[in-house]
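Asker: Input: one structure, supplied below.
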Amino acid sequence: MQQTETYKLNLIESSDPFLPDALNENTRKIEEVVDGLEQRVQVFEAKKFACGTCTANNVETPNVVELGFTPVAVAIHYCRGSDGATALSVTGVPANTGLDIIEGGFQFNIGSGYNIRAGLYSYIALG
């Protein structure tokens, strides 16, 4: 009886006696591999990521971006010609950038001493 190269599954040949042992061994090996893949997918699905653009145009109230998850880190960046502004916020790290993580997304303020200006921003959020 030969075996496959990667997972060492039994390859039953026509000259082999037909016994359920080889098939049962293949089934157990396949189940181990599938179980490992399911665990990896669950870990991957637990992570969240979002990127996009948002517009800052409201000076009186925070500009809110809804993500559908609460990020642990957010970075926003504005660039127009030689003018630019960047802000970063990380959960548990105090920062006075005008960018704050909130339940379900993030918010940022323009003006009021922050380096955030009105305009179009790119963002990346990690959850």
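Here, each number is a calculation from the coordinates, and none is a lab measurement. For clarity, every value in this text was computed on a predicted model and none was experimentally measured. Note that we place each Cβ from the backbone using ideal geometry, even for glycine, and neighbour counts take in every protein chain shown.
Asker: Exactly which GluC sites (Glu not before Pro) in the stretch 1-42 are in a DSSP loop and have at most 13 other Cβ atoms within 10 Å?
Answerer: 5, 13
Asker: What is the Cα coordinate range of the stretch 2-45 on the first, second and third principal axes, sorted by size from largest, in whole angstrom?
Answerer: Here the spans come out as 45, 19, 9 Å, largest first.
Asker: May I ask you to list the GluC sites (Glu not before Pro) in the stretch 60-127 that are in a DSSP loop and have at most 12 other Cβ atoms within 10 Å of their Cβ?
Answerer: 60, 103
Asker: How much length, in nm to one decimal, is gained on full extension between residue 31 and residue 88, taken as 0.36 nm per residue of separation minus their Cα-Cα distance?
Answerer: Gain on stretching residue 31 to residue 88: 16.2 nm.
Asker: Per residue, what volume in Å³ does the Cα convex hull of the chain take up?
Answerer: 163 Å³
Asker: Could you point to the residue in 59, 49, 96 farthest towards the positive end of the stretch 38-112's charge dipole, with +1 and -1 charges on the Cβ of Lys/Arg and Asp/Glu respectively?
Answerer: It is 49, whose Cα lies furthest towards the positive end.
Asker: Right, here's the next one. Suppose every K and R has +1 on its Cβ and every D and E has -1 on its Cβ; what is the size of the dipole of the chain about the Cα centre, in Debye to the nearest 20?
Answerer: Its charge dipole is roughly 720 debye.
Asker: For the stretch 1-87, which trypsin sites (Lys or Arg not before Pro) are in a loop by DSSP, counting at most 14 other Cβ atoms within 10 Å?
Answerer: 8, 47, 48
Asker: Right, another one. Using only helices, what value at 222 nm comes out for the chain when you add -39,500 (n - 2.57) per DSSP H run of length 4 or more and divide by the total residues, to the nearest 500 deg cm²/dmol?
Answerer: -7500 deg cm²/dmol, from helical runs alone.
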